[in-house]
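Colleague: To start, I am sharing the structure in question, which I have written as structure tokens.
The values are calculated or read from the model by the stated rules, or taken from the named source; none is laboratory data. None of the values given here were measured: they were computed from a predicted structure. Cβ: placed from backbone, ideal geometry, glycine included. Neighbour counts: every protein chain shown. SASA here: full protein model, heavy atoms, side chains in, ligands and nucleic acids out. Shrake-Rupley method; radii C 1.70, N 1.55, O 1.52, S 1.80 Å.
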Amino acid sequence: MKLLGMLQINCKTGSSSIHFKFNQELRPYLVNLRGNFTSYLYDNVVRFKSGYSVRIYELLVRHLGWQDVYIVSVDYLKELLGITEVKTYKTFPKFREKVLDKAQEEINAFSDLKISYETVKKGRSIRSI
């Protein structure tokens, strides 16, 4: 997909200006930017070592205004974190240890949130958090 339809740079007059026009296919994404982002203080995440901690913090902040409990399926959370194909996290115990517990520890220690989680089983397997 071509992002820019036109790009002009004018440096003749002593002042510089750049004019550009976005491709029409991007319009729906640009128009909805105002309502589709998460805002938080940098100080709340700067000391996180894990990128998963930052992403989980963002998800929690996004849902904080709506509800006190955020229930998410394990598969969907892995998709949101971009780790559906990471072999290390295929089993839930490794996912819990390396992602969930680490994020909980860092978020509770360094941010403005205090979180905990419980697992929801269906049969013998854990389906939701």
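Colleague: Under 1.5 on a/c is rounded, so check that first for the stretch 80-129, then, if it is not, pick prolate when a/b is larger than b/c and oblate when it is not; a ≥ b ≥ c are the square roots of the alpha carbon gyration tensor eigenvalues.
Modeller: Because a/c hits 1.5 or more and a/b fails to exceed b/c, the stretch 80-129 counts as oblate.
Colleague: Could you provide, to the nearest whole Å², the per residue accessible area of the stretch 50-129 with probe 1.4 Å?
Modeller: Value returned for the stretch 50-129: 65 Å² of accessible area per residue.
Colleague: Sticking with this one: For the stretch 37-129, which whole percent of the accessible surface, found with a 1.4 angstrom probe, sits on carbon and sulfur atoms?
Modeller: 51
Colleague: Near the amide H of Ile115, under 5 Å away, which other amide H atoms are found, from residues 5 or more places off or on another chain, if H is placed in the peptide plane?
Modeller: Excluding prolines and chain starts, which carry no amide H, the hits are Asn108.
Colleague: Put a dot 7 Å past each Cα toward the Cβ at Ser125 and Gln24; how far apart are the dots in nm?
Modeller: My value for the distance between the label points is 4.5 nm.
Colleague: Express in nm, to one decimal, how much length is gained between Leu64 and Arg47 on full extension, taking 0.36 nm for each residue of separation and deducting their alpha carbon distance.
Modeller: In short, 4.0 nm is gained.
Colleague: Of Lys78/Lys98; Lys87/Lys114; Lys98/Lys122; Lys102/Lys122; Lys90/Lys121, which sit over 18 Å apart, Cα to Cα?
Modeller: Violating the 18 Å Cα-Cα cut-off are Lys87/Lys114; Lys98/Lys122; Lys102/Lys122.
Colleague: Hey, another quick one. Rounded, prolate or oblate: which fits the stretch 54-101, taking a ≥ b ≥ c as square roots of the Cα gyration tensor eigenvalues, rounded meaning a/c under 1.5, else prolate when a/b beats b/c?
Modeller: Prolate.
Colleague: Which residues among the stretch 90-129 fall inside the zone where the amide N is under 18 Å from a point 7 Å beyond the Cα of Ile71, along Cα→Cβ?
Modeller: Once the point is set 7 Å along Cα→Cβ of Ile71, 116-129 turn out to lie under 18 Å by backbone N, inside the stretch 90-129.
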